[in-house]
Structures are given as C-alpha cells and as structure tokens.
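Right, one structure below, let's go through it.
The values are calculated or read from the model by the stated rules, or taken from the named source; none is laboratory data. None of the values given here were measured: they were computed from a predicted structure. Here the Cβ is made from the backbone with ideal geometry for all residues, glycine too, and neighbour counts use every protein chain on show.
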Amino acid sequence: MQQPFSVIVRDAAIQRFEYTFEACWKFMKDYLRTKKGITCNSPKSCFRKVFTIGMIQEGETVKFLEMTDDRNMTCHTYKEKVAQIIYGKLEVYSRLLEDVIVRFGSRFVSKE
C-alpha cells in the first residue's frame with residue numbers, strides 16, 4: 001500500500017537511494033577488482049566496465065550513468081524541483097538496482 005505523499009517520506013526515499021547507490025557501485029568496484037582483476041575508481045567507470053564484461057546491457061548502462069548524475073544532484077534536494085525530479089525516478093532506479101543485485105547474486109551462488 002502506497003503512503004500518501006509527504007516531503008519527509010520523499011526526502012527519506014532520496015536518502016535511501018543515496019545509500020543504495022553507493023553500496024551498489026562500491027560492490028561492483030570490489031567485484032571487478034577481486035573477480036576480474038579490473039580497477040575502477042568512480043561509479044561511471046565501474047558501470048562502463050561492468051557493461052564491458054557483459055554483466056549489464058547497454059540500456060542498463062545508460063540508466064546507471066543517468067543514475068550517477070542524479071546521485072550527484074542529491075546534495076541539492078533543498079531545491080524543490082531537483083527533489084521532485086529525483087523522487088520521480090526512484091521506482092525505475094529501484095527496479096534496475098534490484099535486477100542487477102539478483103544477477104550478481106546468481107554469479108556467487110553458481111561459484112563463478
């Protein structure tokens with residue numbers, strides 16, 4: 001059941017997005033380093049390299065790069081318009097992050 005709109009809920013959702021985004025790209029960074037011997041030092045470089053090894057598709061890569069830009073904008077959520085734009089994208093971002101986490105998880109279960 002979806003809660004009625006609240007600025008507090010919106011801002012909390014954006015903050016959760018920040019934490020989840022950071023955990024995701026840092027996991028990919030560690031995965032690339034430990035499993036593939038590939039070094040990357042920024043979210044965008046990690047997403048591009050994960051695409052290169054075939055873990056994500058081109059469209060997903062584009063969405064991850066957009067997500068990175070939005071993550072960088074979260075420090076400006078005091079601007080109502082910025083907060084509204086990012087909040088409006090969170091459902092799509094959530095699905096993408098979940099899909100990729102499941103994909104990576106299956107690699108660990110199968111003992112890649």
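Details
- Every residue from region 93-112 that is under 18 Å from Val9 (Cβ atoms) and either out of contact with any helix residue (DSSP H, G or I) (no Cβ under 9 Å at 6 or more places or on another chain) or not aromatic (Phe, Trp, Tyr) (or both): Ser94
Here is a yes/no grid of residues against (1) surrounded by 12 or more Cβ atoms within 10 Å (Cβ to Cβ); (2) without any contact (Cβ under 8 Å) to a residue 24 or more places away in the chain:
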| site | (1), (2) |
| --- | --- |
| Ile8 | no, yes |
| Glu18 | yes, no |
| Cys24 | yes, no |
| Tyr31 | yes, no |
| Ser45 | yes, yes |
| Arg48 | yes, yes |
| Gln57 | no, yes |
| Thr61 | yes, yes |
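- Of all residues assigned to region 48-59, at least one qualifies as being polar (S, T, N, Q), part of a helix (DSSP H, G or I) and farther than 22 Å from Val7 by Cβ.
- Scanning region 66-85 for residues that are crowded, with 17+ Cβ neighbours inside 10 Å and at pLDDT below 95 yields Thr77, Ala83.
Here's the yes/no breakdown for (1) within 17 Å of Ser94 (Cβ to Cβ); (2) among the basic types (Lys, Arg); (3) modelled with pLDDT under 95:
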| position | (1), (2), (3) |
| --- | --- |
| Ala12 | yes, no, yes |
| Glu18 | yes, no, no |
| Cys46 | no, no, no |
| Val50 | no, no, no |
| Phe64 | yes, no, no |
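- Scanning region 48-101 for residues that are within 18 Å of Ala23 (Cα to Cα) and small (Gly, Ala, Ser) yields a single hit, Ser94.
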